[in-house]
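Asker: Can you keep this structure in mind? I'll have questions shortly.
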Amino acid sequence: MLQIFKSLESGHLQELSLKTLEKGSWINIIDPTPYELKVISSLTDVEPDFLRSALDDEERSHIDVEDDCIMILTNVPIIREEESYDTLPLAIILTKQYLITVCLEETPVIADFNERTSRLFRTFKKTQFLFQILYKSATFFLRYLRQINKLSDEIEERLRHSMRNSEILRLMELQKGLTYFNAALRSNGAVLEKLLRLRSSRTLEGILDIYEEDEDLLEDVIIENKQAREMVEMYSQILSRLADTFSSIISNNQNMVMKFLAAMTIIIAIPTVISSFFGMNVPVPLSENVNGFGIVIIIAMVASCISAYIFWRKHMF
């Protein structure tokens, strides 16, 4: 999918076509075809490799600089399924005339820049728009982290009452999402630090022009990214300890069940042993007694009760 937008002076967002492409436009490319990549490359003079960088879902965050453009590849958070969190590479390419975003899927970060929010950004202010995208990505990381924290509290509450496999699997899914977030935020942090160092680069004049208000926005992005990293590390430790705790509880419960079953096996075996003794095909006590069967039953019951009392005192059940 290929979309082209340009901010108007009135604050609205105008959608353009390839034939009406203007300076200061934002070109948004989602899961592009080879033909779309070829067309955009010829119109904007951007290397095809730059445009294809974000199409590898395993690509790490980094910055590539050419003579006439710069590519910032960052990882943004997404929700693939319910309670399944992941990250996806997003390439933001700045030229002297355009800002281009390339991604494999439509993400909430880019989707949030639309007609409804058009008054908050300007496509022709490329550097500021770049930092706004990065800031939006950091805020979505924080939003999803708060969701993960809330979900982990719900899972913990359910696990206190029922040790079901589904809840433990949900916990593992959240841990996996935090692992993806941790790796993405670390590499994104390195990209932000590099952007901070590039602010005075003369080779990027006309492409990455950072003004005072842009520096403040970049610093806000760095602060939000660091906060998200700290939250990821904290929540990862909490989930890890929570998983270890419930693993110990499950193991302890299993031991208690095995103790109970062992005690019950011994208690049930006592009447069997006594009845087997008196059932032998040889002369045994009480064999001539009319009440012998009842006496044997009473002996077996008394022996079982004594065993049960001893096990109860030893907290076997």
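The values are calculated or read from the model by the stated rules, or taken from the named source; none is laboratory data. Keep in mind that what you see is a predicted model, and the values were worked out from it rather than measured. A quick note on method: Cβ atoms are made from the backbone with ideal geometry, for glycine too, and the neighbour counts reach across all protein chains shown.
Asker: Give the range 164-186 a look and list any residue that's under 30 Å from Gln254 (Cα atoms), assigned to a helix (DSSP H, G or I) and of a type outside the set (S, T, N, Q), or say none.
Answerer: Matches in the range 164-186: Glu167, Ile168, Leu169, Arg170, Leu171, Met172, Glu173, Leu174, Lys176, Gly177, Leu178.
Asker: Can you tell me which condition Lys259 does not meet? The list is (1) touching a residue at least 60 places away in the same chain (Cβ under 8 Å); (2) of a type in the set (Lys, Arg); (3) not assigned by TED's automatic domain parsing to the domain that holds Arg122, and all the others hold.
Answerer: (1)
Asker: Related question: Answer yes or no: is there a residue in the range 59-66 that is under 17 Å from Lys126 (Cβ atoms), at pLDDT 85 or above and over 34 Å from the mean Cα position of the chain (by Cα).
Answerer: Checked the range 59-66: no residue is under 17 Å from Lys126 (Cβ atoms), at pLDDT 85 or above and over 34 Å from the mean Cα position of the chain (by Cα).
Asker: Run down Val102, Val46, Val109 and say which single residue is crowded, with 22+ Cβ neighbours inside 10 Å, within 24 Å of Ser17 (Cα to Cα) and in contact with a Cys (Cβ under 7 Å, 6 or more places away or on another chain).
Answerer: Working: Val102 fails: in contact with a Cys (Cβ under 7 Å, 6 or more places away or on another chain); Val109 fails: in contact with a Cys (Cβ under 7 Å, 6 or more places away or on another chain).
Checking each option against the conditions leaves just Val46.
Asker: If Ser118 passes every condition in (1) surrounded by fewer than 19 Cβ atoms within 10 Å (Cβ to Cβ); (2) within 27 Å of Leu37 (Cα to Cα); (3) at pLDDT 85 or above but one, which one does it miss?
Answerer: Among (1) surrounded by fewer than 19 Cβ atoms within 10 Å (Cβ to Cβ); (2) within 27 Å of Leu37 (Cα to Cα); (3) at pLDDT 85 or above, Ser118 violates only (3).
Asker: Further, regarding this structure: Hey, among Thr139, Thr123, which residue is over 18 Å from Glu233 (Cβ atoms), surrounded by 22 or more Cβ atoms within 10 Å (Cβ to Cβ) and among the hydroxyl-bearing types (Ser, Thr, Tyr)?
Answerer: Numbers: Thr139 fails: surrounded by 22 or more Cβ atoms within 10 Å (Cβ to Cβ).
Just a single option satisfies the conditions, and that option is Thr123.
Asker: Do we have Val284 as modelled with pLDDT under 75 and either touching a Phe, Trp or Tyr at 6+ places or on another chain (Cβ under 6 Å) or on the phi > 0 side of the Ramachandran plot (or both) here?
Answerer: Yes, satisfied.
Asker: Another question, if that's okay. Report yes if some residue within the range 232-253 is more than 30 Å from His315 (Cβ to Cβ), touching a Gly at 6+ places or on another chain (Cβ under 8 Å), among the polar types (S, T, N, Q) and buried (at least 17 other Cβ atoms within 10 Å of the Cβ); otherwise report no.
Answerer: no
Asker: Sticking with this one: How about the range 49-127: which strands (runs of 3 or more DSSP E) wholly inside it have at least 1 residues that are within 20 Å of Ile30 (Cβ to Cβ)?
Answerer: Hits in the range 49-127: 69-81, 84-95, 99-103.
Asker: In the range 4-29, which residues are out of contact with any helix residue (DSSP H, G or I) (no Cβ under 8 Å at 6 or more places or on another chain), outside any loop (DSSP other than H, G, I, E, B) and either surrounded by 18 or more Cβ atoms within 10 Å (Cβ to Cβ) or outside the structural domain of Lys126 (by TED's automatic domain parsing) (or both)?
Answerer: Within the range 4-29, Phe5, Lys6 qualify.
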